[in-house]
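Comments concern the structure below.
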Amino acid sequence: MAHYEIKDGVGIISATKIEDYAFSRCTGLTSIVIPDSVTEIGYHAFKGCTSLTSIVIPNSVTEFGYFAFRGCAGLNSISILGPVKNLEDSVFAGCTALETVTFGAGIKKIEEDVFSACKGLKVINVPAKKAEYYKKRLPEELHPLIVELPAEKKAKK
């Protein structure tokens, strides 16, 4: 059983999975906080949330259902921090305002059409020294958008 709460356009989730269609077509949803307890985002979970502008996916999320964010026309940035098994078909398809995507380490598989119809996409940030890794997983037309982020410096003890 999942608990979802939306207040003043902000969605808060407390569950291990955001269920299929959970927020589908919630056009008033502007932002959402996904806690570290969530490991999976279901099919069509945020599909058509046209007012959603940005989202940070914590590194606990390892699975995305197809069409999870499809048609989120206002979404302009997304950060996927952790290792993901597979970004399914059309996860971000039709996110026409999407400009910036930031990947953390270890996305194992990215379906070819994950960013279809994302005509505004300008930058795909990837971890340092991982450009080739992501070029093997993303369609060739997206390769010029890949930018390696600087390596994180380890704190001295």
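Here the condition is being exposed (fewer than 15 other Cβ atoms within 10 Å of the Cβ), at pLDDT below 95 and either assigned to a loop (DSSP other than H, G, I, E, B) or among the small types (Gly, Ala, Ser) (or both); of 79, 37, 60, 51, it holds for 37 alone.
Residues satisfying the criterion are absent from the stretch 140-147 (criterion: part of a loop (DSSP other than H, G, I, E, B) and either in contact (Cβ under 8 Å) with a residue 12 or more places away in the chain or over 26 Å from residue 31 (Cβ atoms) (or both)).
Listed conditions (1) within 18 Å of residue 114 (Cβ to Cβ); (2) buried (at least 17 other Cβ atoms within 10 Å of the Cβ) are all met by residue 23, apart from (1). If you go through the stretch 137-157 and pick out every residue that is closer than 18 Å to residue 88 by Cβ and loosely packed, with under 15 Cβ neighbours inside 10 Å, you end up with 1. With respect to the conditions (1) under 25 Å from residue 53 (Cα atoms); (2) in a loop (DSSP other than H, G, I, E, B), residue 150 lacks only one, and its number is (1). Residues in the stretch 108-121 that are loosely packed, with under 12 Cβ neighbours inside 10 Å and within 26 Å of residue 151 (Cα to Cα): 108, 109.
Answer yes or no as to whether residue 94 is farther than 24 Å from residue 149 by Cα and buried (at least 21 other Cβ atoms within 10 Å of the Cβ). Judged against the criteria, residue 94 is not a match.
The values are calculated or read from the model by the stated rules, or taken from the named source; none is laboratory data. What you are looking at is a predicted structure, and each value in this text was computed from that prediction instead of being measured. Neighbour counts run over all protein chains shown; Cβ positions are idealised from the backbone, glycine included.
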